[in-house]
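A short worksheet on the structure shown next.
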């Protein structure tokens, strides 16, 4: 808990400095020479980049398509995302974050501060990989150069070129941070308070994520995963929840009304919190295993379960793509919400904006060992599988006794199958980003989500990608046409490079 509040205080301090700087700008401008503009230091761009990336990525995980596609959340009002008739999706917000990151990179290079250049490379890799994960082939080498190189109509790069480039950036970031003698400003670094080792762990853990994702088609993926796993001194990765790349929510930066779009009375059917219910898939998965995380993550139905029309359990999730989902099982009082005491608040120390967690790293390495033959010193696929479960249960403050009991549940006892491993990873990643959806695609729906899609869906498979923004067809048509001639039809079901 101390770790969480320490981060919150650092974040508040850094943001207060930014706000103070903004408030005094107009006053100071009276005596400024317009021909000698003030240059913003790199650390301020770093703070902004960290905050915007964390909060926007987490927002997608609960409020947007990844929540539905990962089968974590079911929309019971305005359920378009759940019905999978996705149309063109804007990427402006993603590229805006990268514009800030370019400012961080360029200013850090100008100041000869390689520690901040390295951090910018980590965020280049995170944000560009996320855009590519969503769309496939994307503007990359020409992107972000409208000002310095006057490129306003950027060409698209193939994912098979983008991904290796990003993986290389992460390796460079680790190597640079390993040798730098320069410190990171603790107040401005709202993610790791200037801890260079933690930044290196994040770079290498993220590199593992990307390598596993493209391991089907990237020839050197397994060898590079082994390189990381085989030399923890040179390539440190997350080793505990204290390494998690995540931010708390503060009174300055939060989603409107709270981390899960709270605000408004609970009786208001249009409040964002009430629109989003835990999916039937996630609730049934936990119910079948008597999972002790269930009372932490979910609230019981408020009505008498005996009066329900379909599901008479204390915890009930909603299937997607059904008629009148808000009336499922007899209505609102017979459907669970996320835990009201944790998620329906402006701030709670258990609710953070997460980019990556230790639990995910455990499951990545477990799969690499189980399926790819990667060796991890002193560990096996089985031990890493159990450590991934433990890390997530520790994260949610599940008691040691409850964890021990869970490990003896027959369907939890390690059986060496990918399906079991991916199932536990999927649960551990509950509203922790788009990774549940990306694993669904990568493992060919190993958990059988497509079979559970309801009757009013536009299609009976979960989409594989976002459709390019309308602006690309209207304003960047020549490059768009060149791109789809190589990539394939611009539909929500076209497979990107690493899925073929």
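Residues satisfying the criterion are absent from segment 8-25 (criterion: more than 19 Å from the chain's Cα centre (by Cα) and at pLDDT 50 or above). Checking the structure you have, find out if any residue of segment 180-197 is under 24 Å from residue 42 (Cα atoms) and outside any loop (DSSP other than H, G, I, E, B). Within segment 180-197, one or more residues are under 24 Å from residue 42 (Cα atoms) and outside any loop (DSSP other than H, G, I, E, B). Considering segment 397-421, and only residues there that are under 19 Å from residue 439 (Cα atoms) and in a helix (DSSP H, G or I), the residue that is nearest to the chain's Cα centre (by Cα) turns out to be 421.
Being outside any loop (DSSP other than H, G, I, E, B) and free of Cβ contacts under 8 Å to residues at least 24 places away in the same chain is the filter; apply it to segment 268-317 and report the residue that is farthest from residue 63 (Cα to Cα). Applying the filter and picking the extreme gives 306.
For the condition crowded, with 16+ Cβ neighbours inside 10 Å, part of a loop (DSSP other than H, G, I, E, B) and touching a strand residue (DSSP E or B) at 6+ places or on another chain (Cβ under 8 Å), residue 320 qualifies. Going by what's in this entry, would residue 445 be described as surrounded by fewer than 21 Cβ atoms within 10 Å (Cβ to Cβ) and over 21 Å from residue 61 (Cβ atoms)? No. Annotation for segment 369-383: no member residue is in a helix (DSSP H, G or I), closer than 24 Å to residue 317 by Cα and not assigned by TED's automatic domain parsing to the domain that holds residue 319.
In segment 475-487, is there at least one residue being assigned to a loop (DSSP other than H, G, I, E, B), closer than 23 Å to residue 294 by Cα and more than 19 Å from the chain's Cα centre (by Cα)? No, that holds for no residue.
Exactly one residue out of 197, 153, 170 is crowded, with 23+ Cβ neighbours inside 10 Å and on the phi < 0 side of the Ramachandran plot: that is 170. If you take the residues of segment 156-167 that are in a helix (DSSP H, G or I) and touching a strand residue (DSSP E or B) at 6+ places or on another chain (Cβ under 9 Å), which of them is surrounded by the fewest Cβ atoms within 10 Å (Cβ to Cβ)? Among residues in segment 156-167 that are in a helix (DSSP H, G or I) and touching a strand residue (DSSP E or B) at 6+ places or on another chain (Cβ under 9 Å), the one surrounded by the fewest Cβ atoms within 10 Å (Cβ to Cβ) is 165. With respect to the numbered conditions (1) in contact (Cβ under 8 Å) with a residue 40 or more places away in the chain; (2) outside any helix (DSSP H, G or I), which one is the sole condition not fulfilled by residue 427? The one condition residue 427 does not meet is (2). Residues in segment 132-147 that are in contact (Cβ under 8 Å) with a residue 12 or more places away in the chain, within 21 Å of residue 104 (Cα to Cα) and out of contact with any helix residue (DSSP H, G or I) (no Cβ under 6 Å at 6 or more places or on another chain) were compared, and the one that is surrounded by the most Cβ atoms within 10 Å (Cβ to Cβ) is 139. The condition (being modelled with pLDDT of 95 or more and either in the same structural domain as residue 500 (by TED's automatic domain parsing) or surrounded by fewer than 23 Cβ atoms within 10 Å (Cβ to Cβ) (or both)) is satisfied by just one residue among 251, 267, 217: 217.
Residues are listed down the side, and each one gets a yes or a no for (1) crowded, with 23+ Cβ neighbours inside 10 Å; (2) in contact with a helix residue (DSSP H, G or I) (Cβ under 8 Å, 6 or more places away or on another chain); (3) within 28 Å of residue 55 (Cα to Cα):
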| site | (1), (2), (3) |
| --- | --- |
| 289 | no, yes, no |
| 298 | yes, yes, yes |
| 314 | no, yes, no |
| 324 | no, no, no |
| 339 | no, yes, yes |
| 342 | no, yes, yes |
| 370 | no, yes, no |
| 375 | no, yes, no |
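Looking across 128, 123, one residue alone is without any contact (Cβ under 8 Å) to a residue 40 or more places away in the chain, out of contact with any strand residue (DSSP E or B) (no Cβ under 6 Å at 6 or more places or on another chain) and under 21 Å from residue 205 (Cα atoms). It is 128.
The values are calculated or read from the model by the stated rules, or taken from the named source; none is laboratory data. All values derive from a computational prediction rather than experimental measurement. In this analysis, Cβ positions are derived from the backbone assuming ideal geometry, glycine residues included, and neighbour counts consider all displayed protein chains.
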